[in-house]
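Trainee: Okay, handing you the structure first.
The values are calculated or read from the model by the stated rules, or taken from the named source; none is laboratory data. Just so you know, these numbers come straight off a predicted model, no measurement behind them. Cβ atoms come from the backbone with ideal geometry, glycine included; neighbour counts cover every protein chain shown.
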């Protein structure tokens, strides 16, 4: 059983090219409201300062997904017209 199905808060952190695949997997697993943080791509070749800026920007969304009641997080993701968690440089 996955952590999400056990009621343990999680958030998946991925980069842009993997967003479609991640959403397909979430749907296939019946986890349609799973929180997904989408970071810009690529991140492997950026400087430490740029990576800090990316993670600083992502922090609030990760904190929200891990600390708010599961139903509140699920509702926020259900109602999002666009991904809540897309970071852009």
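Trainee: Being more than 22 Å from residue 59 (Cβ to Cβ) and either outside any helix (DSSP H, G or I) or within 14 Å of the chain's Cα centre (by Cα) (or both) is the filter here; which residues of the range 1-16 pass it? Reasoning before the result, please.
Mentor: Quick first cut of the range 1-16, residues more than 22 Å from residue 59 (Cβ to Cβ) only: 1-2, 5-7.
Correct list: 1, 2, 7.
Trainee: Can you pull out the residues in the range 17-27 that are more than 20 Å from residue 70 (Cα to Cα) and either surrounded by fewer than 12 Cβ atoms within 10 Å (Cβ to Cβ) or more than 10 Å from the chain's Cα centre (by Cα) (or both)?
Mentor: If the condition is that a residue be more than 20 Å from residue 70 (Cα to Cα) and either surrounded by fewer than 12 Cβ atoms within 10 Å (Cβ to Cβ) or more than 10 Å from the chain's Cα centre (by Cα) (or both), then 17, 18, 20, 21, 24 are the ones that fit.
Trainee: Out of 66, 34, I need the residue that is at pLDDT below 85 and either surrounded by fewer than 13 Cβ atoms within 10 Å (Cβ to Cβ) or within 26 Å of residue 3 (Cα to Cα) (or both). Which one?
Mentor: The unique qualifying residue is 34.
Trainee: Residue 41 versus (1) touching a helix residue (DSSP H, G or I) at 6+ places or on another chain (Cβ under 6 Å); (2) surrounded by 14 or more Cβ atoms within 10 Å (Cβ to Cβ): which is the lone unmet condition?
Mentor: (2)
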